[in-house]
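As structure tokens, the structure follows; a few thoughts come after it.
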Amino acid sequence: MSDVRHVLVLPDRDAAEEAAGELADRFGVAEEPQLVRDALAGEDDAEDAQWLLVVEDPDRRLDSAALDAFAAEYEGWLEAP
């Protein structure tokens with residue numbers, strides 16, 4: 001069975017960093033989430049970049065609906081697998 005990876009899409013780096021810190025407290029995520037800058041196609045301006053928060057879920061413990069609601073608190077969303 002393959003590992004599950006959840007990807008939260010967040011509007012900026014500050015939101016992504018704040019959400020990453022809150023994830024461990026709220027969801028008990030053991031592994032540090034990975035922050036990835038996702039520049040929009042054709043955009044060179046860093047202000048137009050979204051940030052992805054990649055959360056590994058090897059035990060399949062995390063609820064997608066709860067993660068989507070969590071991301072929404074930071075003006076983001078959970079990317080569909």
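General observations
- Estimated inter-spin distance, E17 and R61, nm [label 7 Å along Cα→Cβ]: 2.7 nm
- Radius, Kirkwood style, for the chain when every pair of distinct Cα atoms is counted (Å): 12.8 Å
- Available extension along the chain between D3 and A80 is 26.2 nm, counting 0.36 nm per residue and deducting the alpha carbon span.
- Value at 222 nm in deg cm²/dmol, rounded to 500, when DSSP H runs of n ≥ 4 in the chain each add -39,500 (n - 2.57): -9000 deg cm²/dmol
None of the figures in this text is laboratory data; all of them are computed from the coordinates on show. Every value quoted in this text rests on a predicted model; they were computed, and no experiment measured them. Note that we place each Cβ from the backbone using ideal geometry, even for glycine, and neighbour counts take in every protein chain shown.
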